[in-house]
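Peer 1: Pasting a structure here, questions to come.
The values are calculated or read from the model by the stated rules, or taken from the named source; none is laboratory data. The structure displayed is predicted, hence computed values, not measured ones. Reconstructed Cβ throughout: ideal geometry from the backbone, glycine too, with neighbour counts over all protein chains shown.
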Amino acid sequence: MRDELARYDAVIHLRTPTAEAGYNHQNPLRRESPAEAAAIDVRIAAAWADHPRRYEVAATPDFLSKAARAIEILRAEIPAGVSWLPVPRPSPVRRAERLEWRGLRL
């Protein structure tokens, strides 16, 4: 496991909200019940617990607040003088090549 942890300079764990704090199925990609999601979240926390640069972002009522905190952590982790690299855009895909997953066109 030490070799696996060493592959990552830092780990940001976005904690799963409880059912009372906003876990729901408004996001169509969420398939787990709140209890199943909580169990997975605990396993993820345990898997990364020994990483020396592990950051945990608490669940928030809205995802954008949590995402903003993760971006703050990323900015703090990037060494001074290093600029953010642009994310490469995927090459155009012809309509016939588009993917479909669980009824969603990608």
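Peer 1: Starting from segment 56-79, take each residue that is under 16 Å from Asp9 (Cα atoms) and list its partners that are part of a loop (DSSP other than H, G, I, E, B) and not hydrophobic (A, V, I, L, M, F, W, C), counting only C-beta distances under 9 angstrom and pairs at least six apart or across chains.
Peer 2: So the pair list comes out as Glu56/Arg15; Glu77/Asp9; Glu77/Arg53.
Peer 1: Considering only residues that are among the polar types (S, T, N, Q) and in contact with a helix residue (DSSP H, G or I) (Cβ under 6 Å, 6 or more places away or on another chain), which ones fall in segment 1-20?
Peer 2: Within segment 1-20, the subset among the polar types (S, T, N, Q) is 16, 18.
If the condition is that a residue be among the polar types (S, T, N, Q) and in contact with a helix residue (DSSP H, G or I) (Cβ under 6 Å, 6 or more places away or on another chain), then Thr16 is the only one that fits.
Condition check ((1) at pLDDT below 80; (2) of a type in the set (Phe, Trp, Tyr); (3) in contact with a helix residue (DSSP H, G or I) (Cβ under 8 Å, 6 or more places away or on another chain)) across all residues:
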| position | (1), (2), (3) |
| --- | --- |
| Gly22 | yes, no, no |
| Ala38 | no, no, no |
| Arg69 | no, no, no |
| Ser91 | yes, no, no |
| Trp101 | yes, yes, no |
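Peer 1: Now, a different point. Can you find, within segment 1-35, the residue that is farthest from Pro79 (Cα to Cα) among those that are surrounded by fewer than 11 Cβ atoms within 10 Å (Cβ to Cβ) and of a type in the set (Asp, Glu)?
Peer 2: The extreme case among them is Glu20.
Peer 1: Can you pull out the residues in segment 17-59 that are under 15 Å from the mean Cα position of the chain (by Cα), charged (D, E, K, R) and assigned to a loop (DSSP other than H, G, I, E, B)?
Peer 2: Correct list: Arg30 only.
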